[in-house]
Amino acid sequence: MSIPEQRRIVTTVIPGPKSVKLHERRRAEIADGLGTTMPVFIDRAGGGVLVDVDGNHIIDLASGIAVTSVGASHPAVVRRLTEQAERFTHTCFLVTEYDGFVDVAAALNRLTPGDHAKKTALFSTGAEAVENAIKIARTATGRPAVVVLGHAYHGRTLLTMSMTAKNVPYKQGFGPFAPEIYRAPSPYPYRWPSGPENAAAEGLEALREIVTTQIGANNVAAIVAEPIQGEGGFIVPPPGYLKGVQEFANEHGIVFVADEIQTGLARTGAMFACEHEGVVPDLITTAKALGGGLPLAAVTGRADLMDAVPAGGLGGTYAGNPVACAAALGAIEAIESEGLVDRAREIERRVLPRLAALVGPDSVVGEVRGRGAMLALEFVRPGTRRPAPDVARAVVARCHEAGVLTLQCGTFGNVIRLLPPLVIPMELLDEGVDVLVEAVRSIR
Ligand SMILES: *Cc1c(COP(=O)(O)O)cnc(C)c1O
C-alpha cells in the first residue's frame, strides 16, 4: 500500500481526536514508566511519512530511533519476512538451525571493518548485544573490568544501564548497579574545558590514567565506546580519539568494543561509523537498523574472541529469530542496492549547512554536529554554553504541532536530533527542515 509522500495536517491540532481517545485508553492500560515523544497513534507508515489514525501525514525525522533506515515497510523487507513467516516463524537456533541466521552473520562478517577472520552471534535487542559483547570479552581475557565513557548510552538492562551515564530517567531508583564498571570522560569537543582542540589528547590521557592507576590495565576486559554518542547528545568524538583508544586497548590486551547500535548500517554516511576514522574494533555491536524494523541484534568481531565462550554460553530463545533474519537480509539488500550509504552523505550535504546557519553568538543554537543522516542541534542560553533544555523542548513541540516528528536527546536534554529514514524523498526532508528552522527562528 503506497502512501503519498507529503505532509498533510487534517485535524485542528495534533494529536487529533482519535489519537486522544486511544491515548486515554493507553493511560489506563499501560505502565506509566513507558514514555512517549509524540502521542499520536499510527495507522500506516512508509518512506518518510507516518500516517496517524486521524489521517494526519507526519514527516518522520526519527525512524523509530534510527531503526527504519530503509523505511517503515520496505518492499524487500516485507517480501522476505512474509515468505519466511509462511515457511516457519521459529525453531530456536539453539535447537535446530536455519540458513537466514547464517546469512545475516555472513553479511555482518563481510560488511564490518577489517579483513581479519570474523564471526557473529545474533540476539534480539541492542542491550542484549552489549551484554553479550561483555560476556565474550570477559571470557576471552579472564578479566572483570569494563570501561565506558561519560554521556554513554548502552541500554536498559542491569549491566547496560550500569554502563549508561545518565541517571534520570535511565537509572534513578533501579540500583544497586552491576559492579566493575569504570567511566572515563567523553571527549565532548563543544564542552571540553580547555577547548575542542585539546579534547582528543586530554581525553586519551584521562582514559589511560583511569585504566592504569585506578583499575590496572591487566584487570580490564573491555573498553566500550559509541563511535558517535547517541542518546548522550550525538557527540562526535574529536579526530584521532577513537584511533587512540583502539591503540591503547591493543597495547594492553583489552577488547575494544564499538557500540554501533545507533550509528551502524549506513546511518552516518559509512556502513559503520568507525570507518570515518579508519578504526577496526575488536568487537562491534549492532541492532536498530539491522532488522529493518524487526528486533534483531548482533555481536560481530575477531573470530578468536567470538569463539572464546564454550557452546551453550551464548544465545537466547528468540536470538536471531528467522522472521527477523529475513527482514534483516531485506534491509541489507536495500542498503546495498539503493546506495543508502551515499544517501546518508547526501542528506548531510543538504541539511547540515541549513542547520549550521542557525549557529551564532546570540543564537539559542550553540552547536550543530553529526555525520550523514545522524545530525543534531545543541541548544544553549545565547552567548553561553549553559544548556537550554526548555528551548529544545519548545522547538520539538512546535515541530510536532506542524506535523514533523523530531526527537530530543542529550545528557542535559538540550539536543534535538534528526534521524530521517535514508529513503526519505529530498523535498520532504527539505520541508521537514523548513519547519524545524522556522520553529528555531520563532523562538530566539
Ligand atoms: C539503542 C541503543 C542501545 C540499546 O538498544 P535496545 O535495542 O534498545 O536494547 C545500546 N547502545 C546504543 C548506542 C543505542 O543507541
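Since every read-out is calculated from the coordinates, none of them should be taken as a lab result. Everything numeric here is computed off the predicted structure, so don't read it as measured data. Don't worry about glycine lacking a Cβ; one is built from the backbone with ideal geometry, like all the others, and counts go over all protein chains shown.
From the P(r) of segment 1-83, could you give the percentage of C-alpha pairs in the tail past 17 Å?
53 percent
Semi-axes of segment 78-153's equivalent ellipsoid from the Cα gyration tensor, sqrt of 5 times each eigenvalue, largest first, rounded to whole Å?
29, 15, 14
With no solvent and one equal point scatterer placed on each C-alpha of the chain, evaluate the Debye formula and give log10 I(q)/I(0) for q = 0.06, 0.11 Å⁻¹, two decimals.
The calculated log intensity ratios at q = 0.06, 0.11 Å⁻¹ are -0.24, -0.86.
For segment 236-292, what is the Kirkwood hydrodynamic radius in Å, using each pair of distinct C-alpha atoms?
So the Kirkwood estimate lands at 11.8 Å.
Tell me, what ³J(HN,Hα) does each residue in segment 11-26 have, in order and in whole Hz, if you take phi through Karplus 6.51 cos²θ - 1.76 cosθ + 1.60 with θ = phi - 60° and put x for Gly and Pro?
After applying 6.51 cos²θ - 1.76 cosθ + 1.60, I find 9, 5, 9, 10, x, x, x, 5, 4, 4, 5, 5, 5, 4, 4, 4 Hz.
Run the quick spin-label model on Glu338 and Asp304: label points 7 Å from Cα toward the beta carbon, then report their separation in nm to one decimal.
4.1 nm
Hey, rough spin-label estimate for Phe174 and Asp362, points 7 angstrom out along Cα→Cβ, what's it come to in nanometres?
Each label point lies 7 Å from its Cα, and together they span 4.3 nm.
Which whole-Hz couplings ³J(HN,Hα) result when phi for each residue of segment 422-430 is put into the Karplus expression 6.51 cos²θ - 1.76 cosθ + 1.60, θ = phi - 60°, listed in order with x for Gly and Pro?
Using θ = phi - 60°, the values come out as 5, 8, 4, x, 4, 5, 5, 4, 4 Hz.
Could you list His400, His23 so that the one with the fewest beta carbons within 10 Å of its beta carbon is first and the one with the most is last?
Taking fewest neighbouring Cβ atoms as first place, the list is His23, His400.
Can you tell me the Rg and Dmax of segment 321-378, counting just the alpha carbons, in angstroms?
Every Cα atom of segment 321-378 included, Rg and Dmax give 16.6, 53 Å.
Whole-Å semi-axes of segment 274-400's equivalent ellipsoid, largest first, each the root of 5 times a Cα gyration tensor eigenvalue?
After scaling each eigenvalue by five and taking roots: 38, 18, 17 Å.
What is the Cα radius of gyration of segment 76-337 over 2.2 N^0.38 Å, N being its residue count?
0.99
Given labels modelled 7 Å from the Cα in the Cβ direction, how far is it in nm from Arg25 to Ser442?
Spacing of the two 7 Å Cα→Cβ label points: 3.1 nm.
Over the alpha-carbon set of segment 93-209, work out the extent along each principal axis and list the three values in angstrom, largest first.
54, 39, 28
When the chain is fully extended, how far beyond the present Cα-Cα distance does Asn198 get from Arg385, taking 0.36 nm per residue of separation?
Result: 65.6 nm gained on full extension.
Counting DSSP beta bridges in the chain, what percent are antiparallel, to the nearest 5?
Within the chain, antiparallel bridges account for around 65 percent of the total.
Give the cross-link partners of Lys118 among the lysines, using a straight C-alpha distance below 24 Å as the criterion and excluding same-chain residues fewer than 8 apart.
Within the straight-line limit of under 24 Å, Lys118 reaches these lysines: Lys135, Lys243, Lys288.
Scattering from the C-alpha atoms of segment 345-437 alone, worked out with Debye: what is log10 I(q)/I(0) at q = 0.12, 0.14, 0.19 1/Å?
-0.33, -0.45, -0.84
I need Tyr188, Tyr153, Tyr182 ordered by Cβ neighbour count within 10 Å, fewest first.
Tyr182, Tyr188, Tyr153
How do Arg87, Arg183, Arg80 rank when sorted from fewest to most other Cβ atoms within 10 Å of their own Cβ?
By the 10 Å Cβ count, ascending: Arg87, Arg183, Arg80.
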